[in-house]
1. Enumerate the pairs (first residue in region 26-52 and farther than 13 Å from VAL10 by Cβ; second residue anywhere and outside any helix (DSSP H, G or I) and not charged (D, E, K, R)) with beta-carbon separation below 8 Å, excluding pairs fewer than 6 apart on the same chain, so at least 6 apart or on different chains.
2. Has region 34-41 got any residue that is modelled with pLDDT under 90, touching a Ser or Thr at 6+ places or on another chain (Cβ under 8 Å) and surrounded by 15 or more Cβ atoms within 10 Å (Cβ to Cβ)?
3. Just the residues that are surrounded by 15 or more Cβ atoms within 10 Å (Cβ to Cβ) and small (Gly, Ala, Ser), please, taken from region 1-28.
4. Can you tell me which residues in region 3-19 are at pLDDT 95 or above, of a type outside the set (Asp, Glu) and more than 11 Å from the chain's Cα centre (by Cα)?
5. Output the residues belonging to region 3-40 that are under 17 Å from ALA51 (Cα atoms) and not in a helix (DSSP H, G or I).
Amino acid sequence: MSAEPLNRVVAGSRALGDRWGLAAGLSTRGMQTYVCGDLKASRREAEERQAG
């Protein structure tokens, strides 16, 4: 599964200052990396979501 659509959501939400969209995009991207077994990337997503 490609992460590109989620990357566009995250980038667009950042550009618009849409905190809800950013959190939703990061959360979904983090879950996607977790399901695919990339636990380090999933952790990075979670940390960014908490900081943002």
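The values are calculated or read from the model by the stated rules, or taken from the named source; none is laboratory data. From a predicted model like this one, the values you see are computed outputs, not experimental measurements. Cβ placement follows ideal geometry from the backbone for every residue including glycine, while neighbour counts extend to all protein chains displayed.
1. If the second residue must be outside any helix (DSSP H, G or I) and not charged (D, E, K, R), the pairs left are CYS36/MET1.
2. Looking through region 34-41, at least one residue is modelled with pLDDT under 90, touching a Ser or Thr at 6+ places or on another chain (Cβ under 8 Å) and surrounded by 15 or more Cβ atoms within 10 Å (Cβ to Cβ).
3. Passing the criteria: SER13, GLY21, ALA23, ALA24, GLY25.
4. Listed by number, the residues that qualify are GLY12, ALA15, LEU16, GLY17.
5. Those that are under 17 Å from ALA51 (Cα atoms) and not in a helix (DSSP H, G or I): GLY17, ASP18.
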